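Asks: Before anything else, here's the structure in question.
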Amino acid sequence: MRLRTLEIALEGLEGFGRPDPATEQYSTPPALAARLLHHAALLGDIGERAVCDLGCGTGVLACGAALLGARRVVGVELDPEALAVATRNAAHLEADIELVQGDVRDRSLIEGLGPFDTVIMNPPFGAQDPHADRPFVDAALALAPVTYGIFNSGSVPFLESYLAGRAEIEFAIGGLLPLKRTFPFHRHDMVEIEVEILRMRRR
Ligand code: SAH
């Protein structure tokens, strides 16, 4: 599937009904999601692979992975309302995904899910809680040898020190995350955050 075709498919999806600022519920914009997925697919990490989307929210990344031919896709998400949206999105795209309600910090849940070839995730950036992405990184390393994640631009040195040799950050692709005014504390109608798509390989 071409990048643009994937992007158009993801553009038709429903977003968060009532986004919760505490867990940083921002849907991944279709262009950015398609870019991550397409890149991962080109490197052989999606087609015929078992893929887990951590903090799948409305299921944008999980559905996209299914459209690109993943063998198995599981999305894990804390919020049942987001999962209800993800269920509708998967039905809309006829994407075959499994959705699990749970917390990525729950070790026994994570251990019971795998193994996977690839983790894809757009974790909270830590705007509310500075280390909110850390349990996602830990769960990703427990689940699969390869992880693609979207992080704030400039996160690499912090992540590397947190990884402490457990995984290598192989490359970063810069991108922009346009955020519409979602929460009352946002001062502008639209802001663009610089982000990076990182590929991490477990050592
Ligand atoms: N991946 C989705 C959503 C990104 S926002 C998308 O691309 O659209 C981050 C998501 O992580 C939110 O849906 C939030 O509810 C979820 N989340 C935050 N903390 C979590 C946790 N500890 N366990 C599981 N999901 C969590």
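Asks: Restricting the search to the stretch 100-118, which residues are surrounded by fewer than 20 Cβ atoms within 10 Å (Cβ to Cβ) and either of a type outside the set (Gly, Ala, Ser) or in contact with a Gly (Cβ under 9 Å, 6 or more places away or on another chain) (or both)?
Replies: First, the residues of the stretch 100-118 that are surrounded by fewer than 20 Cβ atoms within 10 Å (Cβ to Cβ): 100-103, 105-109, 111-115.
Across the stretch 100-118, the qualifying residues are 100, 101, 103, 105, 106, 107, 109, 111, 113, 115.
Asks: Quick one: which residue in 110, 97 is in contact with a helix residue (DSSP H, G or I) (Cβ under 8 Å, 6 or more places away or on another chain) and within 23 Å of residue 32 (Cβ to Cβ)? Even if it seems obvious, please write down each step before you answer.
Replies: Values: 110 fails: within 23 Å of residue 32 (Cβ to Cβ).
Exactly one residue qualifies, and that residue is 97.
Asks: List pairs: first in the stretch 149-161 and touching a residue at least 24 places away in the same chain (Cβ under 8 Å), second of a type in the set (S, T, N, Q) and buried (at least 16 other Cβ atoms within 10 Å of the Cβ), Cβ under 8 Å, 6+ apart or cross-chain?
Replies: Short answer, once both residue conditions are applied: 149/122; 150/28; 150/122.
Asks: Within the stretch 125-148, can you find the residues that are in a loop (DSSP other than H, G, I, E, B) and within 13 Å of the ligand (Cβ to nearest atom)? Break it down stepwise before answering.
Replies: Of the stretch 125-148, the ones in a loop (DSSP other than H, G, I, E, B) are 125-133, 144-145.
Correct list: 125, 126, 127, 128, 129, 131, 132, 133.
Asks: Go through the stretch 14-62 and count every residue that is more than 11 Å from residue 122 (Cβ to Cβ), more than 9 Å from the ligand (Cβ to nearest atom) and in contact (Cβ under 8 Å) with a residue 12 or more places away in the chain.
Replies: 22
Asks: Based on this model, can you work out whether residue 140 counts as of a type in the set (A, V, I, L, M, F, W, C), closer than 19 Å to residue 29 by Cα and under 16 Å from the mean Cα position of the chain (by Cα)? Outline the logic, then answer.
Replies: Values: of a type in the set (A, V, I, L, M, F, W, C): yes; closer than 19 Å to residue 29 by Cα: no; under 16 Å from the mean Cα position of the chain (by Cα): yes.
Judged against the criteria, residue 140 is not a match.
Asks: Looking only at the stretch 136-193, count how many residues are of a type outside the set (Val, Ile, Thr) and in contact with a His (Cβ under 8 Å, 6 or more places away or on another chain).
Replies: Going through the stretch 136-193, the residues of a type outside the set (Val, Ile, Thr) turn out to be 136, 138-145, 148-149, 151-155, 157-168, 170-172, 174-181, 183-190, 192.
Next, only the ones that are in contact with a His (Cβ under 8 Å, 6 or more places away or on another chain) stay: 148, 179, 181.
Adding up the residues that qualify gives 3.
Asks: Something else about it: Quick one: what pairs do we get from the stretch 102-124, first residue more than 25 Å from residue 153 (Cα to Cα) and within 8 Å of the ligand (Cβ to nearest atom), second modelled with pLDDT under 95 and not small (Gly, Ala, Ser), C-beta under 8 Å, 6+ apart or different chains?
Replies: Correct list of pairs: empty, since none qualify.
Asks: Of the numbered conditions (1) hydrophobic (A, V, I, L, M, F, W, C); (2) under 19 Å from residue 126 (Cβ atoms); (3) in a loop (DSSP other than H, G, I, E, B); (4) touching a residue at least 60 places away in the same chain (Cβ under 8 Å), residue 1 fails exactly one; give the number of that condition.
Replies: Residue 1 satisfies every listed condition except (2).
Asks: Still on this structure, please answer the following. Looking at 98, 168 in this structure, which one is within 20 Å of residue 28 (Cβ to Cβ) and either touching a strand residue (DSSP E or B) at 6+ places or on another chain (Cβ under 6 Å) or near the ligand (Cβ under 9 Å from one of its atoms) (or both)?
Replies: On the way: 168 fails: within 20 Å of residue 28 (Cβ to Cβ).
Exactly one residue qualifies, and that residue is 98.
Asks: Still on this structure: Looking at the stretch 133-192, which of its residues are of a type in the set (Ser, Thr, Tyr) and within 24 Å of residue 15 (Cβ to Cβ)?
Replies: Within the stretch 133-192, the first condition is being of a type in the set (Ser, Thr, Tyr), and the residues that meet it are 147-148, 153, 155, 161-162, 182.
Matches in the stretch 133-192: 148, 153, 182.
Asks: Moving to a separate point now. Hey, residue 134 hits all of (1) loosely packed, with under 14 Cβ neighbours inside 10 Å; (2) within 20 Å of residue 22 (Cβ to Cβ) but one; which does it fall short on?
Replies: If we test residue 134 against (1) loosely packed, with under 14 Cβ neighbours inside 10 Å; (2) within 20 Å of residue 22 (Cβ to Cβ), just (1) comes out false.
Asks: I've got another one for you. What do you reckon, is residue 86 near the ligand (Cβ under 10 Å from one of its atoms), touching a residue at least 12 places away in the same chain (Cβ under 8 Å) and not basic (Lys, Arg)? Step through it out loud before you land on a result.
Replies: Details: near the ligand (Cβ under 10 Å from one of its atoms): yes; touching a residue at least 12 places away in the same chain (Cβ under 8 Å): yes; not basic (Lys, Arg): yes.
So residue 86 passes the test.
Asks: Tally time: how many residues in the stretch 152-203 are in a strand (DSSP E or B) and out of contact with any Phe, Trp or Tyr (no Cβ under 7 Å at 6 or more places or on another chain)?
Replies: Applying the first criterion (in a strand (DSSP E or B)) to the stretch 152-203 yields 152, 167-180, 190-202.
Within this subset, residues satisfying the condition of being out of contact with any Phe, Trp or Tyr (no Cβ under 7 Å at 6 or more places or on another chain) are 167-178, 180, 190-194, 200-202.
Residues meeting the conditions: 21.
The values are calculated or read from the model by the stated rules, or taken from the named source; none is laboratory data. What you are looking at is a predicted structure, and each value in this text was computed from that prediction instead of being measured. Virtual Cβ from ideal backbone geometry, glycine too; neighbours counted across all protein chains shown.
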